[in-house]
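The values are calculated or read from the model by the stated rules, or taken from the named source; none is laboratory data. Remember, it's a predicted structure, so these values are computed and weren't measured experimentally. All Cβ positions, even for glycine, are placed from backbone atoms using ideal geometry, and neighbour counts span all protein chains on display.
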């Protein structure tokens with residue numbers, strides 16, 4: 001089994017976290033994104049939109065993070081990250097979609113300008129950072145309100161919805177947004193629970209980090 005991606009990529013981290021939670025091993029084939037390796041014909045054959053990650057499971061090639069992670073959970077031992085209860089399953093999909101539709105459009109440019117611009121080249125855009133920060137407030141408030149009623153996004157247990165939100169909260173904390181997040185006490189309590197998981201330390205806090213690495 002291979003995963004094509006990069007360990008600093010938010011989407012790749014979601015899949016690496018899924019693998020870790022399932023106790024699975026896969027070869028991470030690192031694509032140097034600033035060098036354009038994700039846009040080369042070889043990778044475009046795997047992912048026509050030049051994104052990461054991509055899964056290759058003995059010739060079964062799958063792209064799009066949500067599809068990959070659900071496939072991994074459902075096909076490798078007892079499913080534990082996809083709820084069996086229909087309402088919990090609906091909540092999982094709801095909050096995964098909330099992240100993609102309402103958080104990521106703001107979080108992604110915030111991370112690019114605040115963290116990855118030095119690897120990608122060009123000048124940091126402070127106006128874009130301010131706009132992205134403002135845009136993140138509504139989805140973070142919505143998450144905080146929901147987590148006042150539930151320990152996890154899907155309700156009763158840790159799920160792929162939690163996995164989906166984690167990389168963004170990790171980077172926001174690392175980029176100095178921790179005080180604003182801490183004021184959302186329910187979201188903050190959730191973050192403390194999920195970020196303490198040994199699997200997250202394995203995925204996101206081991207090895208070189210973008211905060212101090214001289215080059216990608």
Original post:
Of all residues in region 36-63, how many are surrounded by fewer than 16 Cβ atoms within 10 Å (Cβ to Cβ) and part of a loop (DSSP other than H, G, I, E, B)?
Top reply: 8
Original post:
Taking the condition at pLDDT 95 or above and either in contact with a strand residue (DSSP E or B) (Cβ under 8 Å, 6 or more places away or on another chain) or surrounded by fewer than 21 Cβ atoms within 10 Å (Cβ to Cβ) (or both), does residue 162 pass?
Top reply: yes
**OP:** State whether one or more residues within region 167-182 are part of a loop (DSSP other than H, G, I, E, B) and either more than 18 Å from the chain's Cα centre (by Cα) or farther than 24 Å from residue 87 by Cβ (or both).
**Re:** no
**OP:** Please work out if residue 187 is free of Cβ contacts under 8 Å to residues at least 60 places away in the same chain, closer than 21 Å to residue 100 by Cβ and surrounded by 15 or more Cβ atoms within 10 Å (Cβ to Cβ).
**Re:** yes
Original post:
Here are some conditions: (1) within 16 Å of the chain's Cα centre (by Cα); (2) under 27 Å from residue 36 (Cα atoms); (3) surrounded by 14 or more Cβ atoms within 10 Å (Cβ to Cβ). Residue 113 meets all but one. Which one does it not meet?
Top reply: (1)
**OP:** Look at region 190-216 and say how many of its residues are surrounded by fewer than 11 Cβ atoms within 10 Å (Cβ to Cβ) and in contact (Cβ under 8 Å) with a residue 60 or more places away in the chain.
**Re:** 3
Subject >> Of the criteria (1) at pLDDT 95 or above; (2) out of contact with any strand residue (DSSP E or B) (no Cβ under 8 Å at 6 or more places or on another chain); (3) buried (at least 16 other Cβ atoms within 10 Å of the Cβ); (4) closer than 23 Å to residue 19 by Cα, which one residue 129 fails >> reply: (4)
